[in-house]
Amino acid sequence: MSRTEVMIGVGTRPEIIKMAPVMRAFDRCGFPYTFVHSGQHHDYNLSLQFIEELGLRKPDYNLRVRERAPGRQTGRILIGFERAIKMFKPSLLLVEGDTNSVLAAALAANKNGVAVGHVEAGLRSFDLRMPEEHNRRLVDHIASYLFAPTENAKRNLTRENVWGRIYVTGNTVIDACIENIPIAERTSKIMSSLNLGEYILATVHRAENVDNPKVLRNFVEAFEEAPIPVVVPLHPRTVKRLKRLQLWKRVNNSRNIRVLPPVGYFDFLLLMKNCKLIMTDSGGIQEEATAPPIRKFVLILRISTERPEAVEAGFAKIVGVEKESILKALDEALRSETALPERSPFGDGTSGKRIANLIIEEIIPELKKQAS
Ligand code: UDP
């Protein structure tokens, strides 16, 4: 195995999308790294499709973890990353976000004396029902290098007295949008194939929402009664829950709901760009909606957000999970004529390059010095 100083670990769709700008920046400088996939998302349309679309090379090592139960999944990924670390001997493990893969990889690095860099550090929803909130907090306290997207994220980290060094870098997802919208416009056929008029784009998949039958029913009813059609690319977790509640047929037969399978990144970028507004419980989509080539208002279908910057800038509103509150907010938003800001609160599209430069010019030389 050839040794590289940096190992990049990913496991799910948003991690691939948000790590891609860092990997491309490394590639542009010819800086070598090892790319490891945990297998947490392994369906083609949640994983390999994004690697292909974003022009990344195939992972050097795939842990192929297929466990679904969260504890076993985290354990198996930890064991897998320990194996990968012993094989490739990196000095720095770079992870992004808040999934079980991120927590497990960070723990494996920590137990093996490898420094952890956390991209998108410092986000806090203060909603301890969310597994993602625990993962984020734990990883931020293991990491030696914290790449906070905003000053607000940095404040969260400072308040918690994290050990690591904090850099404010912006969020790489803005780079991804700016870089990929022109490619999507050249290559995606989704708009012509769906032949849509005005529509709302919606996604729901957070465990605390879709695992709660009452909340999932509220969403179905709100989508059915929305004043314009709702296009919903459905996450496999949500499909499973809808089937279990015997809502699957109803959703598919609804005249106002257009169900799609999870779509590729280019297709999704165009669905965001061309919609009237977005309703979502996704984290990444709250950020992408603020990217200059997209600029869409978002109704956050949750009771909290770890992205308050989007709300403060006027791009988003937390509307909760009750049918009436969703429909009321929808009506207001569709009638509103307030212009959205030109700039994203999550950065200017240069975050990947900044993070890569910090690693190449400052962090790796420092780690080498410590080791000698
Ligand atoms: N996304 C996609 N296709 C879809 C739905 C989402 O490409 O059908 C992308 C979206 O652009 C965003 C990311 O997936 O970059 C968000 O992933 P998800 O909502 O699963 O995770 P979260 O951001 O909530 O962690």
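The values are calculated or read from the model by the stated rules, or taken from the named source; none is laboratory data. From a predicted model like this one, the values you see are computed outputs, not experimental measurements. FYI the Cβ positions are ideal-geometry reconstructions off the backbone, even for glycines, and counts take in every protein chain you see. We work out accessible area using only protein heavy atoms, side chains counted, and drop any ligands, DNA or RNA first. Shrake-Rupley method; radii C 1.70, N 1.55, O 1.52, S 1.80 Å.
Taking segment 263-282, which residues are near the ligand (Cβ under 8 Å from one of its atoms) and of a type outside the set (A, V, I, L, M, F, W, C)?
Answer for segment 263-282, where residues must be near the ligand (Cβ under 8 Å from one of its atoms) and of a type outside the set (A, V, I, L, M, F, W, C): Gly264, Tyr265, Asp267, Thr280, Asp281, Ser282.
Restricting attention to segment 105-131, report how many residues are of a type in the set (A, V, I, L, M), modelled with pLDDT of 95 or more and out of contact with any strand residue (DSSP E or B) (no Cβ under 7 Å at 6 or more places or on another chain).
Number of matching residues: 3.
Scanning for something under 18 Å from the mean Cα position of the chain (by Cα) and modelled with pLDDT under 95, does segment 170-187 turn up at least one residue? Even if it seems obvious, please write down each step before you answer.
Keep residues of segment 170-187 that are under 18 Å from the mean Cα position of the chain (by Cα), which gives 170-181.
With modelled with pLDDT under 95 added as a condition, the list becomes none.
Checked against the condition, which is being under 18 Å from the mean Cα position of the chain (by Cα) and modelled with pLDDT under 95, segment 170-187 yields no hits at all.
Could you tell me which numbered condition Pro131 fails, if it satisfies all but one of (1) within 30 Å of Arg155 (Cβ to Cβ); (2) open to solvent by less than 30 Å² (accessible area, probe 1.4 Å); (3) under 16 Å from the mean Cα position of the chain (by Cα)?
Result: Pro131 fails condition (2) only.
Report, by residue number, each residue of segment 143-181 that is open to solvent by less than 40 Å² (accessible area, probe 1.4 Å) and free of Cβ contacts under 8 Å to residues at least 60 places away in the same chain.
The answer is Ala143, Leu146, Ala148, Ala153, Asn156, Leu157, Val162, Gly164.
What number of residues in segment 13-63 are over 20 Å from Ile363 (Cα atoms), hydrophobic (A, V, I, L, M, F, W, C) and touching a residue at least 12 places away in the same chain (Cβ under 8 Å)?
The number of residues fulfilling the criteria is 9.
Could you please tell me which pairs satisfy a Cβ distance under 6 Å, a separation of 6+ or placement on different chains, a first residue in segment 120-136 that is within 14 Å of Asn209 (Cα to Cα), and a second residue that is assigned to a loop (DSSP other than H, G, I, E, B) and not charged (D, E, K, R)?
Asp127/Ser304
Kindly indicate the residue of segment 13-56 that is within 15 Å of the ligand (Cβ to nearest atom) and among the charged types (D, E, K, R) and also surrounded by the most Cβ atoms within 10 Å (Cβ to Cβ) among those meeting that condition.
Here the answer is Glu15.
Look at segment 342-372 and say how many of its residues are open to solvent by 20 Å² or more (accessible area, probe 1.4 Å) and touching a Gly at 6+ places or on another chain (Cβ under 6 Å).
Residues in segment 342-372 being open to solvent by 20 Å² or more (accessible area, probe 1.4 Å) and touching a Gly at 6+ places or on another chain (Cβ under 6 Å): 1 in total.
Of the residues that sit in segment 1-12 and are closer than 21 Å to Asn110 by Cα and open to solvent by 10 Å² or more (accessible area, probe 1.4 Å), which one is farthest from the ligand (Cβ to nearest atom)?
Per the criteria, the residue is Arg3.
Part of a helix (DSSP H, G or I), at pLDDT 95 or above and more than 12 Å from the ligand (Cβ to nearest atom): is that true of Arg250 in this structure? Quick ask: steps written out before the conclusion?
Working: part of a helix (DSSP H, G or I): yes; at pLDDT 95 or above: yes; more than 12 Å from the ligand (Cβ to nearest atom): yes.
Criteria met by Arg250.
Within the group Ile285, Ile303, Ile294, which residue is within 21 Å of Glu332 (Cα to Cα), open to solvent by 50 Å² or more (accessible area, probe 1.4 Å) and either touching a His at 6+ places or on another chain (Cβ under 6 Å) or within 16 Å of the ligand (Cβ to nearest atom) (or both)?
Ile303
Given (1) surrounded by 15 or more Cβ atoms within 10 Å (Cβ to Cβ); (2) touching a helix residue (DSSP H, G or I) at 6+ places or on another chain (Cβ under 7 Å); (3) not charged (D, E, K, R), identify the lone condition not met by Gly80.
(2)
How do the helices (runs of 4 or more DSSP H) wholly within segment 182-247 filter down when requiring 1 or more residues that are open to solvent by less than 10 Å² (accessible area, probe 1.4 Å), farther than 27 Å from Tyr44 by Cα and touching a residue at least 40 places away in the same chain (Cβ under 8 Å): which remain?
Filter on segment 182-247 gives 213-225.
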